[in-house]
Amino acid sequence: MHEFRYVGARLQCEGVSVEALARKHGTPLFVYSQGTVKGNYERLETALQGLDHRICYAMKANSNRAILRTFADLGAGFDIVSGGELQRAMAAGADPATCVFAGVGKTEDEIRLALKSGIYCFNVESEAELQRLDRVAGRMRKKAPVAVRVNPDVDAHTHAKITTGTYENKFGIPFEKVGELYAWAAKRKHLRLRGVQMHIGSQLTEVDPFEQAVRKVAPLARELADRHGIEFLSIGGGMGIVYRPALASGPATWWLSKEGRKVLNPTAYAGTLMPLLQPLGLKILLEPGRYLVGNAGILVTRVEYAKQSGHKTFLIVDSAMNDLLRPALYDAYHEIIAVERRARRTVVADVVGPVCESGDTFCRDRPLPLMEEGELLAVLSAGAYGSVMSGNYNSRPLAAEVLVHGKRAAVVRERQPVEAIWAGEKTASWQR
């Protein structure tokens with residue numbers, strides 16, 4: 001559910017014209033709806049009433065400081081995966097005491113920064129990491145709060161590149177080894193056993209994999225609470241969104257997939273999991289990202305050319321894979337619509353960018369309105385893993401970003417000047 005809709009023939013974000021934003025700020029342009037972000041968060045909070053919990057936004061999905069500040073103002077914690085993300089979250093007003101630090105490759109510098117900042121917990125991904133935490137905390141004369149990430153060996157049945165909960169993945173500790181690792185850690189004076197964590201993957205649109213994982217890990221959490229006094233169980237993130245059709249006409253109790261099946265929503269998620277979690281008597285942490293911001297953003301792009309090549313029609317736009325990588329990386333689907341809705345001839349076309357890669361494609365062989373040069377398209381559901389994964393391939397500057405609140409709009413990231421792309425570079429001392 002989101003607040004992008006047609007008003008008459010024009011696409012609007014909340015009370016602001018998308019076309020007017022593109023005229024003022026140029027394209028490519030990310031546009032975010034603050035109302036959608038808040039609405040998604042509040043629906044999840046409401047569904048979880050009666051459960052002692054904390055929502056820790058997984059900021060890897062979208063780390064714009066204005067988005068982070070929105071979550072901080074809502075009272076959210078944060079799920080971070082790097083020292084840079086911790087510093088970015090603090091710069092946006094986050095309290096490190098509400099942050100959990102995930103990721104398989106934490107460096108000593110990152111660990112020191114997090115301990116010095118007062119991080120709530122480290123989600124530990126390996127025995128070697130736990131040993132490093134013990135050493136670094138010892139040198140700092142601190143206790144490192146830890147939660148071992150359990151790999152429950154549950155297949156989420158999503159894309160291979162975003163599945164994280166099986167023994168074929170690099171994440172977490174095998175379920176069978178967790179008990180002995182906690183027993184070892186309990187003897188270390190510079191470690192504090194604060195919780196236990198799991199996360200089985202991303203873009204889950206059914207509740208069954210969550211239920212399967214919680215049923216497997218909940219008894220372990222209860223045992224660890226009895227033996228070691230842990231205070232929380234984190235059930236990770238992974239709640240998916242519907243990418244097609246994304247421009248739904250109004251609120252719905254259930255989200256609908258492209259096949260029209262009923263799929264995951266906060267009510268179904270909470271209704272299934274809360275009966276399993278409440279008897280534990282532990283605080284429950286959740287680490288959603290995509291669900292909170294995915295449908296809250298669009299990428300606005302301008303058509304540069306309509307090209308016919310044999311039987312193929314190409315709409316060549318000014319956005320590229322360096323702006324939105326998901327289609328090239330995952331073959332991900334994004335709904336693409338005209339910013340101005342009017343009678344047009346429908347064509348089967350590929351929407352492609354200007355980057356010199358055949359993979360620089362937003363969709364293939366899709367029925368679309370035939371657009372003219374200079375007209376605008378909106379790539380929907382681009383609020384998660386969009387701008388945050390962008391880069392400067394082909395020396396293309398990073399796109400501008402705008403946040404909308406009601407009838408107000410603010411630039412929350414300026415378009416990158418081209419010269420800034422190479423600002424940190426220099427020629428070698430022997431070059432003239």
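Table for the structure above
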item	result
Residue list for the stretch 230-255, filter: over 22 Å from Pro152 (Cβ atoms) and either at pLDDT 65 or above or in contact with a strand residue (DSSP E or B) (Cβ under 7 Å, 6 or more places away or on another chain) (or both)	Ile241, Val242, Tyr243, Arg244, Pro245, Leu247, Trp254, Trp255
Pick from the stretch 125-148, criterion of a type in the set (Gly, Ala, Ser) and part of a helix (DSSP H, G or I), ranking: farthest from Leu285 (Cα to Cα)	Gly138
2 or more residues more than 18 Å from the chain's Cα centre (by Cα) and of a type outside the set (Phe, Trp, Tyr): qualifying helices (runs of 4 or more DSSP H) within the stretch 259-338	266-277
Matching residues in the stretch 264-295 - criterion: being of a type in the set (S, T, N, Q) and surrounded by fewer than 23 Cβ atoms within 10 Å (Cβ to Cβ)	Asn265, Thr267, Thr272, Gln278
Residues that are assigned to a loop (DSSP other than H, G, I, E, B) and without any contact (Cβ under 8 Å) to a residue 60 or more places away in the chain, drawn from the stretch 346-397	Gly353, Pro354, Val355, Cys356, Glu357, Ser358, Gly359, Asp360, Pro397
Single condition Gly289 does not satisfy, out of (1) modelled with pLDDT under 90; (2) within 17 Å of Ser202 (Cα to Cα); (3) of a type outside the set (S, T, N, Q)	(1)
Phe30 surrounded by 20 or more Cβ atoms within 10 Å (Cβ to Cβ) and in contact with a Phe, Trp or Tyr (Cβ under 6 Å, 6 or more places away or on another chain)	no
Yes/no for Asp134 being of a type outside the set (Gly, Ala, Ser), surrounded by fewer than 24 Cβ atoms within 10 Å (Cβ to Cβ), at pLDDT below 95 and more than 21 Å from the chain's Cα centre (by Cα)	no
Gly391 vs. criteria surrounded by fewer than 18 Cβ atoms within 10 Å (Cβ to Cβ), under 21 Å from the mean Cα position of the chain (by Cα) and assigned by TED's automatic domain parsing to the domain that holds Arg302	yes
Selection within the stretch 1-19 - within 20 Å of the chain's Cα centre (by Cα) and not aromatic (Phe, Trp, Tyr)	Met1, His2, Glu3
Hey, Ala20 surrounded by fewer than 17 Cβ atoms within 10 Å (Cβ to Cβ) and touching an Asp or Glu at 6+ places or on another chain (Cβ under 7 Å) or not	no
Members of the stretch 112-129 found to be under 23 Å from Glu231 (Cα atoms) and more than 23 Å from the chain's Cα centre (by Cα), listed by number	Leu115, Lys116, Ser117, Gly118, Ser126, Glu127, Glu129
Scan of the stretch 398-421 for residues that are closer than 20 Å to Pro28 by Cα and in a loop (DSSP other than H, G, I, E, B), ordered by number	Leu398, Ala399, Glu414, Arg415, Gln416, Pro417
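The values are calculated or read from the model by the stated rules, or taken from the named source; none is laboratory data. The model shown is predicted, which means the values in this text are computed figures rather than measured ones. Cβ coordinates were reconstructed from backbone atoms using ideal geometry, including for glycine residues, and neighbour counts include every protein chain displayed.
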